[in-house]
1. Provide Rg and Dmax in Å for region 368-437, with only Cα atoms included in the calculation.
2. Relative contact order for region 66-167: what percent, with Cα pairs under 8 Å and sequence separation of 6 or more?
3. In µm²/s, what is D for region 353-408 at 20 °C and 1.002 mPa s, where D = kT/(6 pi eta Rh) by Stokes-Einstein and Rh is the Kirkwood radius from Cα pairs?
4. Find the centroid of the Cα atoms in region 34-73 and in region 275-327, then give the distance between the two in whole Å.
5. Convex hull over the alpha-carbon atoms of region 309-399: what's its volume per residue in Å³?
6. Over the chain, what is the relative contact order in whole percent, taking alpha-carbon pairs under 8 Å and six or more residues apart?
7. Please compute the length gained on full extension between Arg414 and Glu366, using 0.36 nm multiplied by the number of residues separating them and subtracting their Cα-Cα distance.
8. Among the GluC sites (Glu not before Pro) within region 91-189, which fall in a DSSP loop and have no more than 16 other Cβ atoms within 10 Å of their own Cβ?
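Derivation of every value follows stated rules applied to the coordinates shown; laboratory data play no part. Just so you know, these numbers come straight off a predicted model, no measurement behind them. All Cβ positions, glycine included, derive from the backbone under ideal geometry; neighbour counts span all protein chains shown.
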Amino acid sequence: MEQITRRTLLGRLGAAAGAGVLASRGAAAAGGRPRNFVVVFCDDLGYGDLGCYGNGQIKTPRLDALAAAGVRFTDFCSAAPVCSPSRAALLTGRYPVRSGITRVLFPQSENGLPESERTIAEVLKGRGYATACIGKWHLGHLPPFLPMNHGFDYYFGLPYSNDMEKNQRGDPPLPLMRNGKIVEQPADQTALTRRYTEEAVAFIERSKDRPFFLYVPHSMPHVPIHCGEAFRGKSAGGAYGDVIEEIDWSVGRIVDALAAAGVAKHTLVVFTSDNGPWTHYKEHGGSPGPLRGQKGTTFEGGMREPGIFYWPGRLTPRVEPAFASTLDLLPTFAALAGVDLPEGVTLDGRDLTPLLLEETPPPEREFFYFLADDLQAVRRGDWKYKRPFKGKVYGEPLEHGALLFNLREDPGERNNLADAHPETVAALEARLAAFEKTDWRTP
Ligand SMILES: [Ca+2]
């Protein structure tokens, strides 16, 4: 018979208490029912592309309504200014340098998100979640790297960007996939947003009796922009506006499906984008609004995104100025689902539930801005320090010295305070140097 010492007894009591905390955290509110999560993740959407973020031409009534009834973040960042690393960061809660997905993948790429990474889908599957990825994957198109091998039960969409069908590079016609098989090639891009939406609605209908995680990474509004017939030529915002207005329709359909399935009150919906607008494409690209820079840069315009959290009856409607990021989704969903965080893994995100549910101001944090493996900037509180840079962004030369901005007073990064606050520059440069000395690639 096992001898129970005081220490083992205390240990067991502690474990039981811990399990109780987890269970109550996971099952509180919502009558003990597990929470569902829906993430709508646009591609190259700008900070200034939605009505609720100040766009006067593009009409986004459904997104505006979610923002008005939920939490609309003003300072919400993706963790990379280009596609693949941003997706790796969202799904793992880790800076892309940790998984090694620091650059955009192409149809010729033989790599992908490493099997060792733990995605949101894998974390939630531990508690019996149904999981689907419906849209653009872009974390490796070869079989070992597809969504089915990263915790998703179901996958429908493009394996990479919708512009990756260049003859001169030897790309194949654009493949549309269901699970591991190509179902259409080349994909009809005018139908993508509609088909993703129909697939998402069907997933909600068939999963409504289980907890679920639905990840909808739209292919749009990445160039070449396309929309369905019903939206063509309709927007005051031109062809780009047509595309955004179809995405707004899509979000509305998904939210309506949640309501029709009777699960809206148990579902947190998050809407954001992978990186800022590709203004290089002029009227076919989006708008960073008042922000500086574009996709491919670590100015705010490259990484700050619309960030809308909608959960009827659970979130106090407000405009939220606290900083948050796509890195935070994994720890936040884990907390709400009552599942443990992956063990032995360095996570860079924070659990947002105290902020979302109780409006508890988050402790000051640092956020690092990378372009590929190059650590370029850091934000701490309202200060952002950006290292000197000389190079090209999509063929255009870009050069600047050390930059220091107070993002609260100057979100457009126009007023360089580096000379006025050399001590802040030195302190933040020291933080970058210290972070660079850590071993990013350890788990
Ligand atoms: Ca993108």
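1. 12.1, 34
2. 23
3. 160
4. One Cα centre to the other: 9 Å.
5. Looking at region 309-399, the number lands at 151 Å³ per residue.
6. Across the chain, relative contact order equals 24 percent.
7. 15.1 nm
8. Sparse-neighbourhood loop GluC sites (Glu not before Pro): Glu110, Glu115.
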